[in-house]
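Below: one structure, written as structure tokens.
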Number of protein chains: 2
Amino acid sequence: MVKLDEVNQTDYATDVLHALKEQNKDKFRNLFLDLHPQNQVDIFVQLNRQLRDQLYNMIGGEEFASVFEGLELEKQKQVISELSDKYVAHIFNTIPTDEVADFLAELETVHANKILNSMNKDRSMIVRELLSYPIETAGGIMAKEFVTIKTTDKVSDVIDNLRFTAPDAETIYYLYVLDPKGKLSGVLSLRDLIIAPAFETVGNIMGTDIVTVTTDMDQEDVAKLMKRYDFLAVPVVTKEGLLTGIVTVDDVIDVMDEEVSEDFDEFIAAKGGMDVNISSIEAAKKRAPWIVMLIFFGFITGGVIGQFEESLEQVVVLAAFIPLIMDSAGNAGTQSLAVVVRAIATDSLEKKGLLHAVRREFGTGLTLGLITGIVLLIVVPIVYGSFSLALIVASSLFITLSISTITGAVVPVLINKSKLDPAIASGPFITTFNDIVGLIVYFTIATTFIHYL
Amino acid sequence: MVKLDEVNQTDYATDVLHALKEQNKDKFRNLFLDLHPQNQVDIFVQLNRQLRDQLYNMIGGEEFASVFEGLELEKQKQVISELSDKYVAHIFNTIPTDEVADFLAELETVHANKILNSMNKDRSMIVRELLSYPIETAGGIMAKEFVTIKTTDKVSDVIDNLRFTAPDAETIYYLYVLDPKGKLSGVLSLRDLIIAPAFETVGNIMGTDIVTVTTDMDQEDVAKLMKRYDFLAVPVVTKEGLLTGIVTVDDVIDVMDEEVSEDFDEFIAAKGGMDVNISSIEAAKKRAPWIVMLIFFGFITGGVIGQFEESLEQVVVLAAFIPLIMDSAGNAGTQSLAVVVRAIATDSLEKKGLLHAVRREFGTGLTLGLITGIVLLIVVPIVYGSFSLALIVASSLFITLSISTITGAVVPVLINKSKLDPAIASGPFITTFNDIVGLIVYFTIATTFIHYL
């Protein structure tokens, strides 16, 4: 956890809070508006209703906008309910349109429309456009505030003009070169612009090997692309090649976090129940379908044991190895699953292909089966005094581990290729499947050789 | 998977490959050197030894440097072995010193020293310094190529000077303001520099609310800090406050990927066996200790069943519910574990505290226990025709789920606070623990009420 800047934080926070409580407007404004927005947010979230009201009175909606941007959704909603319509309009006329869209997407239509109508016309039109894209696509995460230039512009003029265009832009570190029809014909990094001779024209120094994404590209693919090229921003174009927005690296970092949480989520089949900010009941509701389904799977697994009741009645000690078979099959399968799921998520298999990973996991399963087999052949005779029992358990585990690593590796590959519900590749599903396979293998072998026990 | 730019890629790749095979040096250089480095890499990795040699002959070490940077470690080692010492020296005198250090850290000392000695003195000194920091700290990932300015510098002069300093800098999007003693006294973003009037001095427009990190800060904390503030770069200072390096956002994105893989790794106790690029045998070697340990845990769990052999002999059908109890306990625990591990990793609990998450998980466990209890009270009598059996299984599962969600949530919190080996918080460990608890609860209840069956 980041505790690094706590010392500094308390330093400045004390002074700011003091000025706020004293209602010393000038001092408060001086101190507070000088802070990094994130530090402003850290102070704001500690305030009670009365102090929040005092703060709203001391700084305007335009100034509060950067604080609002940094708040979590629930807090944002609360803040909106505390403010006058006019103050709210000031906020939404200041923060970047993509952030407005993200927020409004979470509100009911009535409330969203009310805010949209209170905004400047040109901005509300942009927000409405952004809201029209699916949330998890390039269109849904892009910003509309980018800087465009022309091939015929002179370097020194571009730098001069940036003085006026920069303050409203999401990033000025890439300048986008448009042809007369609005098509993207080149990109110029601010770095290349600064390095270039003042009298040079844009057309001569811009990059033309442009990587673009389309509005409908999945946000995860956008993130991978930007990671791959180490981009700080990527241009988003329409199907006609017209530049319509940019995705910046900070949005992509948030996407990466989201996608990892989703992967974890699917992996353990929690189905959205991973958000720690929802209540117990809500979390239980989301997870219950899976747990209940697992109970039915449990009946199937139990049914397998039931099928071999006769063998169990003859040799009750066989039951003692049920956990060992289940745990080993489950864990080996889950490990293979995790390896392949991560490999797909990070594209680290792009070159060698997924088949390579499946073969690797199968090899690992065979090796693990051999190792554990040897361990069991030594330990079981010592604990249970029976070498026949050891042979039965060791050979069952060898077969089980080999099968379960393949299952764990193959299922996510198949799902990735076929676009089936990825939940099937979740840990619990794979585990249950492997449990059943493992127990069938074990009891079949045990029943076949039961007269040696 | 990113397949988006494949169409473009084949377009240009064909021409480039053609020029290379034809040994048309001018055409090849024209096409190849115009490409984005990542696209150069994509082409290079497809070449066989002969074509690689032709490529080395057509472009110099300085030009090949950007390709080398983008290669994976194993490929980099291979390339080095194919090149003359002089060509290698050119490469390492061109790529950023932090990348040199990252590469040399993976070589044997003899080879690393040979390369260091072939480099320019000033650069090799910097690399030696970078190599002296632990790999997973700010010092280990920082770059030494940053731009410094003085408070008295005029805006227009700074912009002019950037023409000369920018080409070698890792980023020019932040300029660092040093006092005469080399202490960091302010930061100026290129954006603020561009916006400022040409005659203004740096001291009047620089930011003084500077967030810094120290060389020994863990890379994961650096990543979190940069994410929190949406920084493109953060300055690294010594304990004396002297600016010694910067960490840029592209390094941090790599760190995030690494840390997520590590989390997954720990979560499934694969212990580094997740890397798909190692062989089956190596992967098995890394995972075997855990799987073998699990076998011994399996003996313990089996021992619990052994303890209740008498009950089992009386009512064999009890064995049919072993999988159900084990799977439910295991999964509920793993879900809670994942929720809390992710919450710790993303700092999403910073404000509410980890206790909140533990309470939440316990509440979820109780609710899940109630839901599954009701399901069992309906289903078990139908399948097994015994309401007493249903009561035993349902109450056991209710207690088990409540306990296992707590275990799953509390263990990572304790480990996070106490700096114990996080492997204890891995899925298999938690699962085994919960299996044992679940079976003890189940068989104790079953044995107590066995005369009702």
Item to check | Residue among A:T201, A:T152, A:T137 that alone is within 36 Å of the chain's Cα centre (by Cα) and not aliphatic (A, V, I, L, M) | outcome: A:T137
Item to check | Residues (in a loop (DSSP other than H, G, I, E, B) and away from chain B (no Cβ under 13 Å)) located in segment A:48-73 | outcome: A:N48, A:I59, A:G60
Next on the checklist: Pairs please, first residue from segment B:220-235 and within 8 Å of chain A (Cβ to nearest Cβ), second anywhere and acidic (D, E), Cβ atoms under 7 Å, 6+ apart in sequence or on different chains.
Outcome noted: B:K224/B:D347; B:D230/A:D250
Checklist entry - When residues of segment A:139-167 are filtered for being touching a Pro at 6+ places or on another chain (Cβ under 9 Å) and free of Cβ contacts under 8 Å to residues at least 24 places away in the same chain, how many remain? => result 1
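Quick grid of which residues meet (1) in contact with a strand residue (DSSP E or B) (Cβ under 6 Å, 6 or more places away or on another chain); (2) modelled with pLDDT of 80 or more; (3) within 30 Å of A:A320 (Cα to Cα); (4) in the same structural domain as B:F429 (by TED's automatic domain parsing):
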position	(1), (2), (3), (4)
B:I253	no, yes, no, no
B:G272	no, no, no, no
B:D275	no, no, no, no
B:I291	no, no, yes, yes
B:F297	no, yes, yes, yes
B:G303	no, yes, yes, yes
Next on the checklist: Please verify whether B:V45 is surrounded by fewer than 19 Cβ atoms within 10 Å (Cβ to Cβ) and either on the phi > 0 side of the Ramachandran plot or among the hydrophobic types (A, V, I, L, M, F, W, C) (or both), treating the condition exactly as stated.
Outcome noted: yes
Item to check | Scope segment A:137-192; condition crowded, with 17+ Cβ neighbours inside 10 Å, over 16 Å from A:D98 (Cα atoms) and among the aromatic types (F, W, Y); matching residues | outcome: A:Y173, A:Y174, A:Y176
Item to check | Filtered residues of segment B:239-257 (kept if more than 7 Å from every other protein chain (Cβ to nearest Cβ) and either in a strand (DSSP E or B) or under 22 Å from the mean Cα position of the chain (by Cα) (or both)) | outcome: B:L242, B:L243, B:T244, B:G245, B:I246, B:V247, B:T248, B:D251, B:V252, B:D254, B:V255
Next on the checklist: Considering only residues that are under 34 Å from the mean Cα position of the chain (by Cα) and either facing chain A (nearest Cβ under 7 Å) or without any contact (Cβ under 8 Å) to a residue 40 or more places away in the chain (or both), which ones fall in segment B:302-331?
Outcome noted: B:M326, B:D327, B:S328, B:N331
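The values are calculated or read from the model by the stated rules, or taken from the named source; none is laboratory data. Given the structure is predicted, the values throughout are model-derived calculations rather than measurements. Note: ideal-geometry Cβ built from the backbone for every residue, glycine included; neighbour counts use all protein chains shown.
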